[in-house]
Amino acid sequence: MKILQAVVRNYLETGEPVGSRTISKYTDLNLSSATIRNEMSDLEDMGLIKQPHTSAGRIPTDAGYRMYVDNMLSEGQKEVEDMKSLLLDREERLENMLQQVAKMLASNTNYASMISAPVVQGNKIKFIQLSQVDERNILAVIVLEGNLVRNTMIPVDKDLGQETLLMLNMLLNTSLNGLAVEQVNLGLIAAIKKKAGAYSELVEEVIDAAAEAIKPDEDLKIYTSGATNIFRYPELADHQKARDILLEIEEKGALGTIVQESLSSGETGIQVYIGGESQVESMKDCSVVTTTYDLGDGMKGTVGIIGPKRMDYDKVVGVLKDIARGLDDLYKNE
């Protein structure tokens, strides 16, 4: 199969019949020209390649092209499925880890803690795979920077066939890979639709789905722990104050505002909000200390401690720095 792939790719690039010496240089098989000639002879007997004239190299037959395309598509689909499985497993493990980190922070500091799941800042398209699910539906798998996967089902009026899907996959990936949402403009969309011809409407739907997928994630996941530690501090233990603070921590809306502010600031160091500086009315008697952890590929999250204004800032800052470094190391060593 590797020799067949090498023949097809080399012929596509040069338009010239491909000989065994070319194949020996073109692949990593480390086989002699004689061995490659024998394998090419078998491929010819199978009807996958042919010799246009005596003493010439080989070129692919229609059957050879078909096997090449089918194999390429199946490998691409397997890669997507493997990636989705890996990412789901990693996401579950990451969620469990973040919950444990929140509990550990609350236990070590005797304050309330929060940690947001990482979100991608400045999403870019990494890969698009279109697959025919049935006669009436196409599945668009959009892989983003940071290996985030978004799936969209697109209705169609007929089975498009593998050749058409291959053409559309090549067109979309060549045009969109590496682009952020602000780079997908009307001029680019018009150019892609023109190349797509009769499939321009389908391409437009895929581009719309990709643009939607790479918008900043507005649904932050925030894990909290130690909210009842608030009652340890008399200045926060007043019934109404404690109720308001606990409600904010439980509902997480105000925490989301703090996380968004932390992420959008671009700062990765320690940030301290004392009293009203957090812009959260119910936390005007609290201090909130946060830091941003960075997992690479634009994936960032926020870790924070909520406590009284008289909190042990030295200890909290030290713990948050250690946690941010630890998260980074854990993720890279998975």
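The values are calculated or read from the model by the stated rules, or taken from the named source; none is laboratory data. Not measured: the values here are computed from a predicted model. Backbone-built Cβ (ideal geometry, glycine too); neighbour counts: all protein chains shown.
Couple of notes before you dig in:
Residues are listed down the side, and each one gets a yes or a no for (1) out of contact with any strand residue (DSSP E or B) (no Cβ under 8 Å at 6 or more places or on another chain); (2) in a helix (DSSP H, G or I); (3) closer than 20 Å to LYS221 by Cβ; (4) not hydroxyl-bearing (Ser, Thr, Tyr):
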residue	(1), (2), (3), (4)
VAL272	no, no, no, yes
GLU277	yes, yes, no, yes
SER282	yes, yes, no, no
VAL289	no, no, no, yes
LYS300	no, no, yes, yes
GLY304	no, no, yes, yes
MET311	no, no, no, yes
VAL316	no, yes, no, yes
GLY326	yes, yes, yes, yes
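- Members of the stretch 35-62 that are free of Cβ contacts under 8 Å to residues at least 24 places away in the same chain, touching a Ser or Thr at 6+ places or on another chain (Cβ under 9 Å) and part of a loop (DSSP other than H, G, I, E, B): GLY47
- All positions within the stretch 308-323 that are within 24 Å of GLY276 (Cα to Cα) and touching a Leu at 6+ places or on another chain (Cβ under 7 Å): PRO308, VAL319
- Members of the stretch 276-315 that are of a type in the set (A, V, I, L, M, F, W, C) and either under 14 Å from ALA117 (Cβ atoms) or within 34 Å of the chain's Cα centre (by Cα) (or both): VAL280, VAL288, VAL289, LEU295, MET299, VAL303, ILE305, ILE306
- Of all residues in the stretch 110-122 being surrounded by fewer than 22 Cβ atoms within 10 Å (Cβ to Cβ) and either modelled with pLDDT under 90 or in contact with a Pro (Cβ under 7 Å, 6 or more places away or on another chain) (or both), the one that is farthest from SER225 (Cα to Cα): GLY122
- The residues on offer are LYS193, LYS158, and the sole one that is without any contact (Cβ under 8 Å) to a residue 24 or more places away in the chain and outside any helix (DSSP H, G or I) is LYS158.
- Selected residue (only one of ILE138, ILE125 is surrounded by 19 or more Cβ atoms within 10 Å (Cβ to Cβ), modelled with pLDDT of 85 or more and either out of contact with any Cys (no Cβ under 9 Å at 6 or more places or on another chain) or of a type outside the set (A, V, I, L, M) (or both)): ILE138
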